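Working notes, beginning with the structure itself.
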Amino acid sequence: MKKIIALFLVVGMTAVLFASCKKNPDSTDTSTSASTTESTSGNTSTSETTTETTTKGPVVFVDPQIIDSLYYDYIIRTVKDQDTNKVVGVAIFNWKQEKAKSELVFDSEYTMQDGTKLPVLQIGVGQGILSFQNELKSITVPASVDKIAKKAFAFCSELKTVNLSEGLESIGEMAFWSCKSLESISIPSTVTEIGTNAFAGCENLRSVTLPRAFESQIDNIFEGCPSDMVITYID
């Protein structure tokens, strides 16, 4: 009888242990599942934050001196006096590609939106405004312009005629670099500065008129031009 009771006790204890073991894994799984859910929720929150950040637009830097008008074929940049910081004129900042023509006569003045008229003082601002324009054949620069900036007309391979006016003072570096169709150029007596390689690579340039002050700079200004190029100096 005692053996039978002992047997029942062993079986009962075994059943209790089995139930206990079965319950613990369930509890552990539930905890793990909750932890996973919490972690996933955390990731979702992070993902949303990242998305919000990346969908913001890029920072755009606007130069208030650059003006684009529908009434003109080019974009301008206002020129200010260094001492007074007042606007005294405009520079042609860039030519609208779709408005490029074979013959260009630059304006001598520009009308602002408020009706104010300002002189066009400069062509280019240190970058090509009509570089690589193969259709450009002729340009006329008015007397109001005192500076043609660096690379303004570089690689305009069909540019054949350049009309410069008295009043021009400066021609920048590589301003007419590799204008291979240019055959002659007359530089006004008012010009006091011509940058290095201003007319370099103009392989068909045969006739040049320029102030005698540049006689010692010929090799730098006209590098790569024909050796039989005729130069006429003006005093």
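Read-outs throughout are calculated quantities, based only on the coordinates presented, and are distinct from any laboratory measurement. Nothing here was measured: the structure is a model prediction, and the numbers come from that model. Cβ: placed from backbone, ideal geometry, glycine included. Neighbour counts: every protein chain shown.
Just to verify a number: FRET efficiency for R206 and S138, C-beta to C-beta distance, R0 = 25 Å, to 0.05?
It comes to 0.90.
For a quick protection proxy, order the peptides 156-165, 223-232 by their average other-Cβ count within 10 Å, most packed first.
156-165, 223-232
Cross-link candidates for K137: which aspartates and glutamates have Cα within less than 18 Å, leaving aside residues fewer than 8 places away along the same chain?
D73, E98, E103, D107, E158, E183, E203
Could you calculate the contour length gain from T161 to A213, that is, 0.36 nm times the residue separation minus the distance between their Cα atoms, to one decimal place in nm?
16.3 nm
Tell me, in nm to one decimal, what length is gained between S189 and T84 on full extension, where the rule is 0.36 nm per residue of separation less the Cα-Cα distance?
Result: 34.8 nm gained on full extension.
Among the listed pairs K80/K150; K117/K151; K117/K180, which are separated by more than 29 Å between their Cα atoms?
Long pairs (Cα-Cα over 29 Å): K117/K180.
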